[in-house]
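Heads up, the thing below is written out as structure tokens.
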Amino acid sequence: MGGRHTAPWCPCTRASSTRSPTRSPRNGSSASAHGSKISGVRAEAPRKISGAPVEWPHGGVLSRDWVLMLGEVLDTASRRLQPQQLPTVLPVPVVDAIVTTAERLLNGEPNCLKIDPEKSCTSVVLVGDVHGQLHDVLHLLEITGYPGSDQIYVFNGDYVDRGAWGFETYILLLAWKVLLPKRVFLLRGNHETRFCNIAYGFEEEVIVKYGDDASFLYEKILASFEALPLAAVVASSVYVAHGGLFRHCQQAPVLTPGTTPNSSKRFMDPESRSLKLGTLEDLAKATRGVLDPSGVGHNAVPGDVLWSDPSPNPGLEFNAARGIGLLFGPDCTQEFLQKHRLKLIVRSHEGPDAREKRTDMKSMDNGYTIDHVVDAGKLITLFSAPDYPQFQARSRRHENKGAYIVLEPPSFSKPHYHTFEAIIPRPQVSSYYDYVNALDSDEELDFGKGVENPG
Ligand SMILES: [Mn+2]
């Protein structure tokens, strides 16, 4: 990178087209076709877009056009600029302002959001893991319709890592959050943690893109990860969380005279007591402002919510394959749904690679699976990164579809599944982690070695 930025493109000159009213997926789009499509969709109002750096609006109030412009700039930058040139169009102060503003909003939200769509709302869209696949996220927003007064989005975590545009993806979603705080909800995934970001590329991505400013921005973004809520309940019917269910946790012991700090050790030893399914009350009491949830001790809930997986077998047990979180059976799904009078659990977290290893679970090739069907309702896994992971040896690619779920009035409790294919070819770019040797899924990440795990 060097010299002054000299307007490398001007998206406003692209041909416009009419937005397709359908939700049918398109695949194999070329870069230029995608570009014109994006331009057409966003040509609702004249916008001033040039290669000049994005500017934070005067007064700090974002407009819909500003956020749409940001998406367009990020899309174009990913195709026409080197990664290290991103700051020429998305300067540090703008990133700083987006993250600061969004973090304030996120910190004001509870651990478990209560999302009650208003009468004007015609759909609540649930989105699973996106893992830095910016173009697929832009495509999803386009075919599904942008957030607005009639449409709420709940993103279920794992915005970064593995894919090459985690930074752009997360910043864009934060901008939507700032614009429409009551229409866009961002939940935390297990990849919104430092130990995953070191292993799966997001840390390196920020370093490559922002150079000397990377440390400042990375730490700032990590702080925003701690602010992300853990779960949501939509229309008193649908529980949404990245990993899923969690254990009941005793509160931290209050030391009284005559006890010693060592008395609290029993709370740190998960083997010392039997696991009991947690409730929404337990979730509300958890301390989520932890960068790397330990999944043990008196604050085990955040680790469970982010890392747990459903099992076809009944019961609640430690998730040995991942080394953190739980495996929970259909009986747990039944108990949780029944207790809270819910109809549905929508969780994410398992892509086609993770499912390939779990021969007793359904394949993720279509972007969703129905894992538990019980009297009280269902548990669904939703994965929204098509052709995942972005970087993988061709022989090991899954060529999976992504999916999203639409909930509609009046009950917002019946899932409508939509699948979509990846926007390919993707821009050529090097990966930010050793994808050849990296584990296929998040399993077996070593929480004990090399990574601080303060819990
Ligand atoms: Mn995950």
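Annotation note: of Pro257, Pro261, the sole residue that is surrounded by fewer than 18 Cβ atoms within 10 Å (Cβ to Cβ), over 21 Å from His191 (Cα atoms), more than 31 Å from the chain's Cα centre (by Cα) and at pLDDT 55 or above is Pro257. Only one of (1) within 16 Å of the ligand (Cβ to nearest atom); (2) modelled with pLDDT of 60 or more; (3) more than 25 Å from His135 (Cβ to Cβ) is not met by Ala438, so which one is it? Only one criterion is unmet by Ala438, namely (3).
Yes/no per residue for (1) within 16 Å of the ligand (Cβ to nearest atom); (2) part of a helix (DSSP H, G or I); (3) buried (at least 24 other Cβ atoms within 10 Å of the Cβ):
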| site | (1), (2), (3) |
| --- | --- |
| Ala102 | no, yes, yes |
| Glu118 | no, no, no |
| Val124 | no, no, yes |
| His135 | no, yes, yes |
| Tyr153 | no, no, yes |
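Please work out which residue is nearest to the ligand (Cβ to nearest atom), limiting yourself to the range 359-370 and to residues that are farther than 15 Å from Leu126 by Cβ and touching a strand residue (DSSP E or B) at 6+ places or on another chain (Cβ under 8 Å). Result: Met364. Could you go through the range 276-289 and let me know if any residue there is farther than 30 Å from His372 by Cα and modelled with pLDDT of 65 or more. The answer is yes; a qualifying residue exists. Could you check, for the range 71-85, whether at least one of its residues is buried (at least 16 other Cβ atoms within 10 Å of the Cβ), in contact with a strand residue (DSSP E or B) (Cβ under 9 Å, 6 or more places away or on another chain) and of a type in the set (Gly, Ala, Ser)? No, the range 71-85 has no match at all. Within the range 177-202, residues that are within 23 Å of Gly145 (Cβ to Cβ) reach partners that are within 15 Å of the ligand (Cβ to nearest atom) with beta carbons closer than 6 Å, at six or more positions or on different chains, in the pairs Lys177/Leu186; Leu186/Phe155; Leu186/Leu228; Leu187/Asn156; Leu187/Gly157. For Arg194, are the conditions met, namely being within 16 Å of the ligand (Cβ to nearest atom) and surrounded by fewer than 22 Cβ atoms within 10 Å (Cβ to Cβ)? Here the answer is yes, as Arg194 does meet what is asked. The residue that is farthest from the chain's Cα centre (by Cα), counting only those in the range 99-152 that are under 27 Å from Pro386 (Cβ atoms) and among the hydroxyl-bearing types (Ser, Thr, Tyr), is Thr122.
Here Ala235 does not qualify as aliphatic (A, V, I, L, M), within 16 Å of the ligand (Cβ to nearest atom) and in contact (Cβ under 8 Å) with a residue 40 or more places away in the chain. Annotation note: Cβ proximity below 9 Å between a residue of the range 333-357 that is more than 18 Å from Leu283 (Cα to Cα) and a residue that is more than 16 Å from the ligand (Cβ to nearest atom) and of a type in the set (A, V, I, L, M) (sequence gap 6+ or interchain) occurs for Lys343/Val238; Lys343/Leu337; Lys343/Ala376.
Against the condition in contact with a helix residue (DSSP H, G or I) (Cβ under 9 Å, 6 or more places away or on another chain) and outside any loop (DSSP other than H, G, I, E, B), how does Val290 come out, does it pass? Against the criterion (in contact with a helix residue (DSSP H, G or I) (Cβ under 9 Å, 6 or more places away or on another chain) and outside any loop (DSSP other than H, G, I, E, B)), Val290 does not qualify. Across the range 291-316, the number of residues qualifying as of a type in the set (Val, Ile, Thr) and surrounded by fewer than 16 Cβ atoms within 10 Å (Cβ to Cβ) comes to 0. Picking from residues in the range 300-341 that are assigned to a helix (DSSP H, G or I), more than 16 Å from the ligand (Cβ to nearest atom) and in contact with a helix residue (DSSP H, G or I) (Cβ under 9 Å, 6 or more places away or on another chain), the one that is farthest from Leu275 (Cα to Cα) is His340. Just wondering, is there one or more residues in the range 382-405 that are modelled with pLDDT of 95 or more, more than 22 Å from Glu203 (Cα to Cα) and surrounded by fewer than 17 Cβ atoms within 10 Å (Cβ to Cβ)? Within the range 382-405 (the criterion being modelled with pLDDT of 95 or more, more than 22 Å from Glu203 (Cα to Cα) and surrounded by fewer than 17 Cβ atoms within 10 Å (Cβ to Cβ)), the answer is no, since none of the residues qualifies.
The values are calculated or read from the model by the stated rules, or taken from the named source; none is laboratory data. These numbers were taken from a predicted model, which means no experiment stands behind them. Glycine gets a Cβ as well: all are built from the backbone with ideal geometry, and neighbour counts include every protein chain shown.
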